[in-house]
1. For the range 134-145, check the following and say yes or no: at least one residue is closer than 16 Å to Leu21 by Cα, assigned to a helix (DSSP H, G or I) and either of a type in the set (Phe, Trp, Tyr) or at pLDDT 95 or above (or both).
2. Which residue is surrounded by the most Cβ atoms within 10 Å (Cβ to Cβ), if the candidates are limited to the range 62-74 and must be assigned to a helix (DSSP H, G or I) and touching a residue at least 40 places away in the same chain (Cβ under 8 Å)?
3. If you check Ala79 against the conditions, is it under 21 Å from the mean Cα position of the chain (by Cα), crowded, with 19+ Cβ neighbours inside 10 Å and closer than 23 Å to Met134 by Cβ?
4. With the checklist (1) within 23 Å of the chain's Cα centre (by Cα); (2) under 17 Å from Lys117 (Cα atoms) in hand, flag the one item Gln41 doesn't pass.
5. Going through Gly39, Gly103, Gly20, Gly49 one at a time, which residue ends up being at pLDDT 95 or above and not hydrophobic (A, V, I, L, M, F, W, C)?
6. Out of the residues in the range 101-132 that are within 22 Å of the chain's Cα centre (by Cα) and of a type in the set (Asp, Glu), state the one that is surrounded by the fewest Cβ atoms within 10 Å (Cβ to Cβ).
7. List every residue pair whose Cβ atoms lie under 7 Å apart, where the two residues are 6 or more positions apart in sequence or sit on different chains, the first residue falls within the range 31-60 and is within 15 Å of Tyr94 (Cα to Cα), and the second residue, located anywhere, is in a loop (DSSP other than H, G, I, E, B) and not polar (S, T, N, Q).
8. Out of (1) touching a residue at least 40 places away in the same chain (Cβ under 8 Å); (2) under 23 Å from Ala127 (Cα atoms), the odd one out for Pro104 is which?
Amino acid sequence: MSTTDQAHKSTSPPRLVVRGLVALALLVDAVVHLHLAPGYQLSAPSGFGAGNLFRLEAAVALAVAVLVLVRGNRSSYAAAFLVGLSALGAVLLYRYVNVPALGPLPAMYEPLWSTEKILSAVAEAFAAVLAAAMLISTSGKTRTATGIPANPVRRGSPNA
């Protein structure tokens, strides 16, 4: 597949829609975290509280959303997958496990589901699943327009 074919494939309408959806999910995640950050910082007003962690997570999610929109390549989808999965893992961990403070990380156990927490968790899961799908669909195998591998290895050849 030529460079032109690869560029066209990454900007095809279905792929652009998925790029937009991944970025939108990360944007929702960031907005929710920025909205909640001031209230969570009250537990450690002068320290490294949950509010600052929320702001950091929001900044990373926003940066990766922009990266996905601008680049739409495997590395941007890998970053989106990691951001979505790590944020979802954190919300589930701190919802179901009473993790004590660990060094600078505050104890953030909250055994309740709020509307914002549900919205954030759904957006994080959505971003992670879509990004994983894009990673799988853009695996390193180069194919021709017919779907046949560009450099097939033939049986009996020295490369087999």
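The values are calculated or read from the model by the stated rules, or taken from the named source; none is laboratory data. None of these values were measured; they are calculated from a predicted model. Please note: Cβ atoms are built from the backbone with ideal geometry, for glycine as well, and neighbour counts cover all protein chains shown.
1. Taking every residue of the range 134-145 in turn, at least one turns out to be closer than 16 Å to Leu21 by Cα, assigned to a helix (DSSP H, G or I) and either of a type in the set (Phe, Trp, Tyr) or at pLDDT 95 or above (or both).
2. Going through the range 62-74, the residues assigned to a helix (DSSP H, G or I) turn out to be 62-70, 74.
So of that shortlist, the ones also touching a residue at least 40 places away in the same chain (Cβ under 8 Å) come out as 65-66, 68-69, 74.
Working: Ala65: 26, Val66: 14, Val68: 28, Leu69: 17, Arg74: 15.
The residue in question is Val68.
3. yes
4. Evaluating Gln41 over (1) within 23 Å of the chain's Cα centre (by Cα); (2) under 17 Å from Lys117 (Cα atoms) leaves (1) as the failure.
5. Result of the check over Gly39, Gly103, Gly20, Gly49: Gly20.
6. Among them, the one singled out is Glu116.
7. Tyr40/Gly49; Gly49/Pro106; Ala50/Pro106; Ala50/Met108
8. With respect to (1) touching a residue at least 40 places away in the same chain (Cβ under 8 Å); (2) under 23 Å from Ala127 (Cα atoms), Pro104 is out only on (2).
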